[in-house]
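For reference, the structure discussed in these notes is given below.
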Amino acid sequence: MIRMVLADDEPIITRGIQKLVDFNSLGIQVVGEYQDGGAALDGILALEPDIALLDIYMPKKSGIDILKELKAVGNRTKVIFISGFQDFQYAKDALRYGAEDYLLKPVIRDELLAALERCRVKLSRTWFSGEGQEIPKKDEEAPPYDRLIDVENTV
């Protein structure tokens, strides 16, 4: 199962996202919800989720600050930003630091599903060492990533 955290300083947004998409049916388990960037960063570092769906502007730490810190420590969590801001600089910074996507609020279901699918594809790739040996993923057992292949017909 893909593990994901949600972080937004407006609880109504995280509840709305969970109503928008039935994550369990997609093989995604929400393992943490946070209302500020500091707690979100701590949660991501502790839980090591596969995906983090983050508001770009939160108290204590912005989504960009979180992404920078994750990259600095080598964390492989895929980050999707959601934002009420159409500010080009936020989007530019998100791309510069390796965000998977930048979605505007209100979040459109199909855009979120497409972003999750792109993350699923990247997560399902096998990593190899320099000598061609497969590096096992942390759970040893591959999660059911194939559940997201046809998201249009499953939700």
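The values are calculated or read from the model by the stated rules, or taken from the named source; none is laboratory data. Just so it is clear, the structure is predicted and the values come from calculations on it, not from any experiment. Quick reminder, even Gly has a Cβ in these numbers, built from the backbone with ideal geometry, and neighbours come from all protein chains shown. For accessibility, only protein heavy atoms count, side chains too; no ligands or nucleic acids. Shrake-Rupley method; radii C 1.70, N 1.55, O 1.52, S 1.80 Å.
Could you grab me the full set of residues in the stretch 90-99 that are touching a residue at least 24 places away in the same chain (Cβ under 8 Å) and either in contact with a strand residue (DSSP E or B) (Cβ under 9 Å, 6 or more places away or on another chain) or open to solvent by 40 Å² or more (accessible area, probe 1.4 Å) (or both)? Break it down stepwise before answering.
First, the residues of the stretch 90-99 that are touching a residue at least 24 places away in the same chain (Cβ under 8 Å): 90, 93-94, 97-99.
Across the stretch 90-99, the qualifying residues are 90, 94, 97, 98, 99.
Of the residues 36, 8, which is farther than 23 Å from residue 108 by Cβ, open to solvent by less than 80 Å² (accessible area, probe 1.4 Å) and at pLDDT 95 or above?
Values: 8 fails: farther than 23 Å from residue 108 by Cβ.
Unique residue meeting the criteria: 36.
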Task: Qualifying residue in the stretch 67-89 (condition: open to solvent by 70 Å² or more (accessible area, probe 1.4 Å), under 21 Å from residue 26 (Cα atoms) and either among the charged types (D, E, K, R) or modelled with pLDDT under 95 (or both)) - done: yes
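Find the residue count for the stretch 41-88, including only residues that are among the small types (Gly, Ala, Ser) and out of contact with any Asp or Glu (no Cβ under 9 Å at 6 or more places or on another chain).
Selection size over the stretch 41-88: 4.
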Open item on the list: Against the conditions (1) surrounded by 17 or more Cβ atoms within 10 Å (Cβ to Cβ); (2) in contact (Cβ under 8 Å) with a residue 60 or more places away in the chain, where does residue 64 fall short? Just the number, please.
Closed with: (2)
- [ ] Could you list all residues from the stretch 73-98 that are assigned to a loop (DSSP other than H, G, I, E, B), closer than 23 Å to residue 11 by Cβ and touching a helix residue (DSSP H, G or I) at 6+ places or on another chain (Cβ under 8 Å)?
- [x] 77
TODO: Quick one: residue 119 ticks every box in (1) surrounded by 15 or more Cβ atoms within 10 Å (Cβ to Cβ); (2) in a loop (DSSP other than H, G, I, E, B); (3) modelled with pLDDT of 90 or more except a single one, so which number is it?
DONE: (2)
